[in-house]
Amino acid sequence: LVSREVKAEDSQVRVGDLTLGGAAIHVIAGPCSVESREQIISTAQAVKKAGATMLRGGAFKPRTSPYEFQGLKGDGLALLAEARKETGLLVTTEVKDTATLAAVADHTDILQVGARNMQNFSLLEAVGETRKPVLLKRGISATIKELLMAAEYIVARGNTQVILCERGIRTFENMTRNTLDLNAVPMLKALTHLPVFVDPSHGIGVRKAVPAMMRAAVAAGADGLIVEVHPDPPRAKSDGFQSLDFSEFEKAMGEVRAIAAAM
Ligand code: PEP
Ligand code: MN
């Protein structure tokens with residue numbers, strides 16, 4: 001169902017009054033985790049001013065260690081809803097499991113399925129039963145084919161509103177957190193009609209290098225980006241080492257706009 005052979009023209013995903021996968025590039029930005037009211041509202045305002053059209057922020061966090069910050073959970077969802085109301089930005093947050101799906105779906109415009117859950121088939125089936133747009137992130141060691149088959153699980157249940165997201169894969173290289181596989185962008189654009197986003201933050205995992213990968217992703221043909229932005233990256237409760245501060249994000253957005261306009 002997701003193949004270009006079945007449907008030749010690009011699919012667009014409508015979220016609120018936005019069209020993803022159309023002519024315009026859309027940027028989702030915000031902190032890795034929602035940490036406080038002040039943090040999420042100030043970030044929402046800053047990323048909106050810089051040109052982002054959607055806000056991200058984790059509430060239920062899938063952390064590598066059980067002793068790390070796990071997110072504000074339900075309180076985080078409520079804060080995201082407040083930030084949405086305050087700024088008009090649409091919001092996305094990760095749905096970590098089927099148990100929290102209903103609560104997450106109630107508070108968000110796009111359901112994010114994380115890399116660690118790309119092949120959680122029960123979760124894919126459950127989000128496939130909803131009619132909420134889904135941002136499906138590529139698994140840490142998943143092939144492009146496996147990503148497409150994971151999308152197929154969602155679309156097969158009747159939810160056609162799927163956006164794919166390249167977020168870096170695990171390779172032998174350990175100078176960076178992951179290796180952002182920009183090969184995936186033109187490959188996916190050829191293989192599927194679904195919109196393709198890129199997450200340069202998790203893709204490279206090095207704050208100073210994120211703007212270069214934002215530019216590269218857009219030049220490669222991505223339909224949009226999801227970028228981690230924090231008011232004070234060194235103090236972030238998760239992923240501060242790869243989060244841009246407000247001024248870094250604003251500058252990078254100007255560069256991205258210039259590249260998009262030249263294409
Ligand atoms: C995130 O977006 O903060 C996240 C956990 O991403 P991923 O699932 O790609 O690791
Ligand atoms: Mn993160």
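The values are calculated or read from the model by the stated rules, or taken from the named source; none is laboratory data. Owing to the predicted nature of the structure, the values given are computational and were not obtained by experimental measurement. Neighbour counts run over all protein chains shown; Cβ positions are idealised from the backbone, glycine included.
Scanning segment 27-41 for residues that are in contact with an Asp or Glu (Cβ under 9 Å, 6 or more places away or on another chain) and either modelled with pLDDT under 95 or away from ligand 1 (no atom under 16 Å from the Cβ) (or both) yields R37, I41. Total residues in segment 154-178 satisfying the condition of being away from ligand 2 (no atom under 16 Å from the Cβ), closer than 27 Å to T130 by Cβ and part of a loop (DSSP other than H, G, I, E, B): the figure is 5. Checking A217, A222, A252 one by one, the residue that is assigned to a helix (DSSP H, G or I), within 16 Å of ligand 1 (Cβ to nearest atom) and crowded, with 19+ Cβ neighbours inside 10 Å is A217 and no other. Does at least one position in segment 191-207 carry a residue that is buried (at least 24 other Cβ atoms within 10 Å of the Cβ), more than 16 Å from ligand 1 (Cβ to nearest atom) and of a type outside the set (V, I, T)? The answer is yes, given that some residue of segment 191-207 is buried (at least 24 other Cβ atoms within 10 Å of the Cβ), more than 16 Å from ligand 1 (Cβ to nearest atom) and of a type outside the set (V, I, T).
Of everything in segment 188-209, what is part of a loop (DSSP other than H, G, I, E, B) and either under 16 Å from E248 (Cβ atoms) or away from ligand 2 (no atom under 16 Å from the Cβ) (or both)? Give them in sequence order. Hits for segment 188-209 are H193, L194, P195, G205, V206.
Would you call A261 within 21 Å of L18 (Cα to Cα), at pLDDT 95 or above and within 17 Å of the chain's Cα centre (by Cα)? Considered against the rule, which asks whether it is within 21 Å of L18 (Cα to Cα), at pLDDT 95 or above and within 17 Å of the chain's Cα centre (by Cα), A261 comes out as no.
One residue stands out among those in segment 51-70 that are closer than 24 Å to L225 by Cα and in contact (Cβ under 8 Å) with a residue 60 or more places away in the chain: the one that is nearest to ligand 1 (Cβ to nearest atom), which is G58. When the residues of segment 35-60 are narrowed to those that are in contact with a Ser or Thr (Cβ under 8 Å, 6 or more places away or on another chain) and in a loop (DSSP other than H, G, I, E, B), which ends up surrounded by the most Cβ atoms within 10 Å (Cβ to Cβ)? Applying the filter and picking the extreme gives G57.
Filtering segment 167-187 to residues that are touching a residue at least 40 places away in the same chain (Cβ under 8 Å) and surrounded by 23 or more Cβ atoms within 10 Å (Cβ to Cβ) leaves R167, A184. Would you confirm whether or not segment 100-111 contains a residue that is surrounded by fewer than 23 Cβ atoms within 10 Å (Cβ to Cβ), within 16 Å of ligand 1 (Cβ to nearest atom) and not aliphatic (A, V, I, L, M)? Yes - at least one qualifying residue is present in segment 100-111.
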